[in-house]
Amino acid sequence: MPNDSDRAVLLRRLLFVAGAAVLLAFPWLMPNSYFRYAGVLVLMYAALSTSWSLVGGFTGYVSLGHAAFFGIGAYATALGVIELRLPHVVALLGAALLTAVFAALVGIAAVRVRGASFVIVSIALVAMMNLIAQSARGLTGGSSGLRVPALLESLDRTSNHLVFFYLFLALLGVVLLTWWVIDRSRFGAGLKAIREDEDKAEALGVPTAAYKVFVFGLSAFFTALAGGLYGIWFGNLDPIFVFSIIVGANLVLMALLGGARHLLGPTLGAFIVVPAGEYFLIAFGETQAHIVASGLLLAIVVLFMPDGIIPAVRGLVRRFRPAATSIREQSQEELREVRR
Amino acid sequence: MTLPSASLLAQGLALGVLTGGLYALLSSGLTLYFGVMRIVMVAHPAFLFLAAYGTYFLHVTTGMDPLLTMFITAPVFFLLGIGIQRLLVARLAPESLATMSVLLTFALALLIEGGLGVVATGSYRSVTVDYASSSLRMFGVSFPVDRLIGFGIAAVTLAALFLLLRATRFGRALRATIQHRTAARLVGIDTERVTGIGFGLGLATAAIGGAVLALITTFFPAAHWGWIGKLMAIIVVGGLGSIQGAAIAALLLGVVEGVVLVTAGATPAALLFYLFLFATLLLRPQGLFGGRLAERF
């Protein structure tokens, strides 16, 4: 007879396979252009939020400025295609590498400080990039926007959404895999040590500064990939949206809501926050009520469940499961089984 | 590039000093929060514009002089600050206070921005009164009256704050709490109460600053984002937690901004704050005047 933990593993695998199947089939189940668009948006934010949690989840350094890397990736990809006439893929990868290097350089200044100052730097980064993108009109088109050449000119909108659905799904898969590998590595253990007590981690020989700079760059790399894909998908870049501190805050909200310390936490958060945000946009249109909703949700999460939904639900399940057995009871049971 | 004329430089310098004074007032609130609670209050500029809107609506509906509105908004904001500290900030877990408080105050900023957007729409507002729209000419340099008034109010408020901190029993308790919370409690200071009042004082400075801003600039709900970077740069350059440091950094950055503004334009002037911020973190992370407090933030 399979015991509880075997059954749980089996259930989790079944859920995973079912979830993956639903995701893969989604664009075919939803031929409607708007729902496909919303699907792409959810996957993009899931990939972004998971990339964010490479820093925020493992090291506990909260960056409100990941929109800066998103935007640099987007503009660099677009400019690579437009100005340097590079193929899309080359421009995308080049832009992501460039952003990673830039992030590492910023990281050197940012990681010398902790907590609050780090957040200040991250906010400043977005504001600064926004200013630069607005004023460098010759290159970025400023506030009138930058048109990005499409991947395949012949695609209509609905099929374009289909292509980018799978591209973002692939990106999400790669980021999740990276997260999973880091979680099980010595590097990941070092990052978590930084989160728990940076001074002690350093005393124990963890190269904290190098680790922080590296993971910051890695996180920026994936964020920039998502930004570049976004630019090609959307076809138009506007500094106000691309370098938006609200976008950066939404990534944090998703990660915290789902659970920044869990593999699927940020994805879960994106699956909740993005549809909710779209609903608010539709229901309240052009008013600023969606900003109120974001603020309210963020405040509630920070005050009442800073560890996210996943641990909260786990706690609930544990409370209502009567058969919570201690190690000793379990081993006695096993012994009885053996005796029979 | 042609060299700017001496009179243009003098003009930039004069405007810079006047703006720097205002920056000093606005960043004093941030320094208070950081000092008493170790939190970076991202919502300070949002409260600034909440106060500016309060001034606007009081002025439009009752015809009250915009400078008198601060006698209404400042006490309201003071009580609001105590409430926010007691009901929200004090609930955060101490081990993750620094980052969680930023997120919480960020959420407050979103609530204020969105709320103002719903109530007052996103369009630009401004308060105009006859006496403030002229300017004085001295030594070939013109001083806009609204900026002079703003500088005067900033100077009076900062002087009052300084006196409160230096010369009163409460000020001693507040400074003690800022320096060493546990030791302050040991000598019988009710640090919780002092912290709440410190927070309230910070918000009261936002109310005063908001009235000044309403007088000298146009504003809209999302305008606070532009101020967050500026004020943060000032308190980092000054050294987190040091009121004098923030005031000196505010004047310094205001003057440099004023000169860059007349010689190179608005974008370089705005970028300058971030340049100072990054340079400070790279070269002297504790800021110009920061000591022990700033080390680990």
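The values are calculated or read from the model by the stated rules, or taken from the named source; none is laboratory data. Since we're looking at a predicted model, the values are computed, not measured. Reconstructed Cβ throughout: ideal geometry from the backbone, glycine too, with neighbour counts over all protein chains shown. Surface areas here come from the heavy atoms of the whole protein model, side chains and all, with no ligands, DNA or RNA. Shrake-Rupley method; radii C 1.70, N 1.55, O 1.52, S 1.80 Å.
Relative to the compact-globule estimate of 2.2 N^0.38 Å, the Cα radius of gyration of the range A:196-238 comes out at 1.81.
Within the listed set B:TYR56, B:TYR131, B:TYR33, the residue fluctuating most in the Gaussian network model of chain B (springs between alpha-carbon atoms under 10 angstrom) is B:TYR131. Shape class of the range A:116-180 from the alpha-carbon gyration tensor: oblate, with a/c at 1.5 or above and b/c at least as large as a/b. Diffusion coefficient of chain A by Stokes-Einstein, Kirkwood radius over Cα pairs, 25 °C, 0.890 mPa s: 114 µm²/s. In this view, the solvent-accessible surface of A:MET44, computed with a 1.4 Å probe and all protein chains in place, comes to about 0 Å².
Dipole magnitude for the protein assembly as shown: about 1340 debye, using +1 per Lys or Arg Cβ and -1 per Asp or Glu Cβ, origin at the Cα centre. One quarter of the surface of the convex hull around the alpha-carbon atoms of chain B equals 16.3 nm², the direction-averaged projected area. Rounded, prolate or oblate: pick one for the range A:67-129, where a ≥ b ≥ c are the square roots of the eigenvalues of its C-alpha gyration tensor, a/c under 1.5 means rounded, and failing that, prolate if a/b is larger than b/c, else oblate. Prolate shape, in that a/c is at least 1.5 and a/b is the bigger ratio. Using a probe of 1.4 Å on the protein chains alone, the accessible area found for B:HIS180 is around 100 Å².
Which shape class, rounded, prolate or oblate, goes with the range A:141-291 when its Cα gyration tensor gives a ≥ b ≥ c as root eigenvalues, a/c under 1.5 marks rounded, and past that a/b bigger than b/c marks prolate? The shape class here is prolate. At A:PHE304 and B:MET64, where each label point lies 7 Å from the Cα along Cα→Cβ, what is the point-to-point distance in nanometres? Between A:PHE304 and B:MET64, the label points sit 3.5 nm apart. Selection among B:LEU165, B:ILE248, B:ALA214 by position relative to the dipole of the range B:159-250 gives B:LEU165 as farthest towards the positive end (Cβ unit charges, Cα centre). Using a Gaussian network model of chain A in which every pair of alpha carbons under 10 angstrom is joined by a spring, one finds that among A:GLY277, A:GLY265, A:GLY73 the greatest mean-square fluctuation is at A:GLY277. Dipole magnitude for the range A:118-223: computed about the Cα centre from +1 point charges on Lys and Arg Cβ and -1 point charges on Asp and Glu Cβ, it is near 160 debye. Each Lys and Arg contributes +1 and each Asp and Glu -1, all at the Cβ; summed about the Cα centre of chain B, the dipole is approximately 800 debye. Please enumerate, by chain and number, the lysines with C-alpha under 18 Å from the C-alpha of A:LYS192, excluding those fewer than 8 residues away in the same chain. Result set, ordered by chain and number: A:LYS200, A:LYS212. Can you give the percent of C-alpha pairs in the protein assembly as shown whose distance is more than 48 Å? Cα-Cα pairs of the protein assembly as shown separated by over 48 Å account for 18 percent.
Rolling a 1.4 Å probe over the protein chains gives B:ARG193 an accessible area of about 120 Å². Could you tell me the center-to-center distance, by alpha carbons, between the range B:129-151 and the range A:180-236 in angstrom? Computed from Cα coordinates, the inter-centre distance equals 52 Å. If R0 is 30 Å, the Cβ-Cβ spacing of A:ILE240 and A:TRP28 corresponds to a FRET efficiency of close to 0.30.
Remark: the range B:16-157 projects, on average over all directions, an area of 10.0 nm² (convex hull of Cα atoms).
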